[in-house]
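> First the structure, then my questions, so here it is.
The values are calculated or read from the model by the stated rules, or taken from the named source; none is laboratory data. Since the structure is predicted, the reported quantities are computational estimates derived from the model, not experimental observations. Here the Cβ is made from the backbone with ideal geometry for all residues, glycine too, and neighbour counts use every protein chain on show.
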């Protein structure tokens, strides 16, 4: 497994959706590659922080957020 292959499937790896054979390859790559271990840790922290950003659904929206951005986000959430 290469670092690029590892990066392509990190989300599946973290969510536990990666097939066991592929997961074994990921685990082996992690045991050998310090850069991918750092990248995985950073990616996992980013996902966690991103989810936490929406913990308070009643939080006020900053005044400088463009209205088009708000509309695009709301439309994407409705279609998901």
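> Looking at region 31-60 only, could you name the residues that are free of Cβ contacts under 8 Å to residues at least 24 places away in the same chain and in contact with a helix residue (DSSP H, G or I) (Cβ under 7 Å, 6 or more places away or on another chain)?
37, the sole residue that qualifies.
> Any idea how many residues of region 1-25 are in a loop (DSSP other than H, G, I, E, B) and either at pLDDT below 90 or closer than 14 Å to residue 37 by Cα (or both)?
Total satisfying the criteria: 3.
> Give region 26-80 a look and list any residue that's under 18 Å from residue 13 (Cβ atoms) and assigned to a loop (DSSP other than H, G, I, E, B), or say none.
Once the filter is applied, which keeps residues that are under 18 Å from residue 13 (Cβ atoms) and assigned to a loop (DSSP other than H, G, I, E, B), region 26-80 yields only 33.
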